[in-house]
Amino acid sequence: MHERKLRSVDHLLKGTIIAVTSGKGGVGKSTVAANLALSLAEQGKRVALIDLDIYGFSIPKLLNITSRPKTINGKIIPVGAHGLSVMSMGFLVKENEPIVWRGPMLGKMLEHFFNDVIWGELDYTILDLPPGTGDVALDMHQMLPQCKEIIVTTPHEAAAHVAERAGTMAIKTKHEILGVVENMAYFQPPESEKKYYLFGKGGGQKLAHTLGTEVLASLPLEIPNEDGETPSIYKESSTLNTHYMTLAEKVAELTNTASLL
Ligand SMILES: Nc1ncnc2c1ncn2[C@@H]1O[C@H](COP(=O)(O)OP(=O)(O)OP(=O)(O)O)[C@@H](O)[C@H]1O
Ligand SMILES: [Mg+2]
């Protein structure tokens, strides 16, 4: 039973707050959160990316951030990277050290991320959530009642079924679901018209239907860019980049933020 009472803090974050979530692990939440944040920034929005996967943080590695946040009078300045303001538990621990905490400390850390960081003016805050519907997700729902959600799944029916739990939790806690992102939907070899549905078909659509929402994007599998330091950040020349730019436009439309371009 979840007994902690946490204060609502969403007034501290300006603009639209969007949690990227799923009941299932490894479906691409962090990759989607980072690339969506980057595409929104590319379209002229002021964007923060907060890694709320306290135990399994991955955003610093994904964005290849090696610097740490600075502090001024006890307040933290988020790390600026690729045009985003970024905060992660990974900045606060020694090199890849495991976090061994119990639930109540998680709530404190979330409060710290929102209360003690100077976020400044923002159009969007994108939250990368850990898999499942555990303590962090519960705390996030309590602390950020205005937060909207994007649910990520792969097209596999079993994955969509597990992903659904996050959607059900969002509905129960009256969070608006913006839609479903179906990730790893198919593989299309370069120079080929043929699509291979490696993880099956239709999971995203089914999940969206169950949650009474829409599929915002169906993202293909893409071979990581091995020559760079950020293989999971999809560069302008890649197919996935086009998909993420379209997703960002859709998200902006749904959240009624006029493009600044
Ligand atoms: N469209 C894609 N094409 C190819 N690889 C992908 C794609 N999306 C994600 N991946 C890869 O899949 C792996 C899992 O992605 P990611 O870490 O974003 O998932 P996650 O849901 O955040 O996982 P966790 O539940 O552990 O937080 C990573 O290696 C990532 O690079
Ligand atoms: Mg993740």
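The values are calculated or read from the model by the stated rules, or taken from the named source; none is laboratory data. All values derive from a computational prediction rather than experimental measurement. In this analysis, Cβ positions are derived from the backbone assuming ideal geometry, glycine residues included, and neighbour counts consider all displayed protein chains. Please note that ligands, DNA and RNA were not included when accessible areas were found on the heavy atoms of the full protein model with its side chains. Shrake-Rupley method; radii C 1.70, N 1.55, O 1.52, S 1.80 Å.
Things worth noting here:
- The fraction of accessible area contributed by carbon and sulfur in the stretch 153-261 is 53 percent, rounded to a whole number (1.4 Å probe; ligands and nucleic acids excluded).
- Trypsin sites (Lys or Arg not before Pro) within the stretch 1-58, DSSP loop, no more than 12 other Cβ atoms inside 10 Å: 5, 7
- Summed over the residues of the stretch 1-151 and divided among them, the accessible surface reaches 42 Å² per residue at a probe radius of 1.4 Å.
- Where labels lie 7 Å past Cα in the beta-carbon direction, separation of residue 227 and residue 108 in nm: 4.8
- Kirkwood Rh, angstrom, the chain [1 / mean 1/r, Cα pairs]: 18.6
- Under 20 Å from the residue 235 label point (7 Å along Cα→beta-carbon), backbone N, the stretch 56-92: 61-66, 81-84
- Expressed to the nearest 5 percent, the antiparallel share of DSSP beta bridges inside the chain is 20 percent.
- Near-label residues of the stretch 168-197 by backbone N, under 15 Å of a point 7 Å along Cα→Cβ of residue 253: 178-180
- Qualifying lysines (Cα of each under 28 Å from Cα of residue 45; at least 8 residues distant if same chain): 14, 29, 61, 70, 75, 148, 174, 235, 250
- The chymotrypsin sites (Phe, Trp or Tyr not before Pro) of the stretch 54-96 that meet both conditions, a loop assignment by DSSP and at most 15 other Cβ atoms within 10 Å of the site Cβ, are 55.
- Heavy-atom accessible surface of the stretch 1-140: percent carbon and sulfur, 1.4 Å: 52
- The trypsin sites (Lys or Arg not before Pro) found in the stretch 85-187 that occupy coil by DSSP, while having at most 13 further C-beta atoms within 10 Å, are 94, 102, 174.
- Per-residue ellipticity at 222 nm, computed for the chain from helices alone with -39500 (n - 2.57) per DSSP H run of at least four residues, works out to -9500 deg cm²/dmol.
- A simple charge model with +1 on the Cβ of Lys and Arg, -1 on the Cβ of Asp and Glu and nothing else charged puts the dipole of the chain at about 680 debye relative to its Cα centre.
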